[in-house]
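What follows draws every value from the coordinates through simple rules; no lab data is involved. Keep in mind the model is a prediction, meaning the values are calculated, not measured. With ideal geometry, Cβ positions are generated from the backbone for all residues, glycine too; neighbour counts draw on all protein chains shown.
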Amino acid sequence: MQIPSLRVSVTHRCNLRCTYCHGEGAREVRSDRRLSPAEIERIVRAGTAFGVRKVKLTGGEPLLRRDVAEVVRRLAALQGIAGVTLTTNGVLLAEHAEELSAAGLTRVNVSLDTLDERLYFRLTGGELRRVLAGVEAALEAGLRVELNTVLMRGLNEGEVWSMVEFASQHACSLQLIELAEPAESSDFYRRHHMSLDGVERELKRRGEVLRRRRSPHDRPVYLVQGVRVSLCTSVRSTAGCSGVRCSGLRLTADGCLRGFRYSDSERVEVPGDEEGIKRAFEAALSMLAERGDELAGA
Ligand code: SAM
């Protein structure tokens, strides 16, 4: 089993309180320990021997870390790494865009579920204008920008085409994401989850197919109004909860390898020495293989 991409959470902390947030599968923060840029670099370098070619930085909110550009710079310079991307809520992006671009970031994914200020505040507790300023700054800094939009019934389901329009005006790509079910039963999920089938039908009707879904783990991609729109739908795991298709291996901020959709007890601590890191990757891969998980490349 090879790992095409590794999600690296650089912090558990966040500056927003999104009502629907799955916290990247980290429901329980176990320690305040945070890997240093050098430790992250060492682990990702070891990961290249297991196929890792792309790294996705996430959190928590990665831009809360002052040294986030150093993390990007170290990873982008690694032999075998073809791209480093970062997912952010965008609130602090205007301040970091230049340094992230200079550090070699390939693309920034900005979470933007609505263009309505009041709904944005209701969903996240944050200010929409700061995120929009972040998107502008990222584009000015020469970064590729992809917008991440989680679609929720009764909240932003009617905004698909205004998001496409916004992405078209700003030369961004767009990722439409199905709301993932949390491990604990959630009223929010029951009330607001929607299938993306109808949206997909409409994308097919209005646009052209750039990438077809060949297996359940594929993300189809459409070209609509000049915008690359990808769909990230949920898959059910054997552990009973669902997660978005970006399953696979992740490195937690406190230095553990784990799958996305499983309980917090299913994690492998990564030691500091080269041989220990290698064994941790092997153990994490066999943990995923035992559960029949597929490592998605997205
Ligand atoms: N703080 C950063 C941000 O807001 O983008 C990174 C962490 S956030 C957990 C990563 C991505 O997960 C965001 O794009 C967010 O919209 C998405 N996300 C959070 N909860 C989700 C859920 N329940 N279902 C689907 N996607 C979710």
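Can you tell me the relative contact order of the chain? Whole percent, Cα pairs under 8 Å, sequence separation 6 or more. Value for the chain: 19 percent.
Across Ser162, Ser286, Ser215, mean-square fluctuation computed from a Gaussian network of the chain (C-alpha pairs under 10 Å connected) peaks at Ser215.
Phi-derived couplings, Karplus 6.51 cos²θ - 1.76 cosθ + 1.60 at θ = phi - 60°, listed residue by residue for the stretch 58-68: 8, x, x, 9, x, 6, 6, 8, 5, 9, 4 Hz, with x used for Gly and Pro. Springs between Cα atoms under 10 Å define the GNM used for the chain, and in it the highest mean-square fluctuation of Gly104, Gly47, Gly142 occurs at Gly142. Of the residues Gly158, Val71, Phe121, the one whose Cα sits farthest towards the positive end of the charge dipole of the stretch 5-296 is Gly158 (charges of +1 on Lys and Arg Cβ, -1 on Asp and Glu Cβ, taken about the Cα centre). Neighbour counts of other Cβ atoms within 10 Å put Thr19, Thr106, Thr58 in the fewest-to-most order Thr19, Thr106, Thr58. Looking at the square roots a ≥ b ≥ c of the eigenvalues of the Cα gyration tensor of the stretch 30-90, which shape do they give, rounded for a/c under 1.5, prolate if a/b is larger than b/c, or oblate? Prolate. Taking the fewest neighbouring Cβ atoms within 10 Å as the starting point, the ordered list for Asp116, Asp187 is Asp187, Asp116. A straight chain from Met1 to Glu208 at 0.36 nm per residue would run longer than the Cα-Cα distance by 71.2 nm. Counting every other Cβ atom within 10 Å of each residue's Cβ, Met287, Met1, Met163, Met194 order from fewest to most as Met1, Met194, Met287, Met163. Set the Cα radius of gyration of the chain against 2.2 N^0.38 Å, with N its number of residues, and you get 0.95. GNM remark for the chain: springs join alpha carbons under 10 Å apart, and the peak mean-square fluctuation among Ala97, Ala138, Ala46 falls on Ala46. Close amide H pairs (under 5 Å, H built 1.01 Å from N) link Gly60 with no residue at least 5 positions away or on another chain. Length gained on full extension, Ala102 to Asp187: 26.3 nm, using 0.36 nm per residue less the C-alpha separation.
Summary of the geometry: the stretch 51-127 and the stretch 158-189, compared by the centres of their Cα atoms, lie 17 Å apart.
The overall shape of the stretch 1-124 is prolate: from the C-alpha gyration tensor, with semi-axes ordered a ≥ b ≥ c, the ratio a/c is 1.5 or greater and a/b exceeds b/c.
Return, ordered by residue number, the residues of the stretch 39-54 whose backbone nitrogen is under 17 Å from a label point located 7 Å along Cα→Cβ of Lys278. What the label zone holds, given the 17 Å backbone N cut-off, is 42-52.
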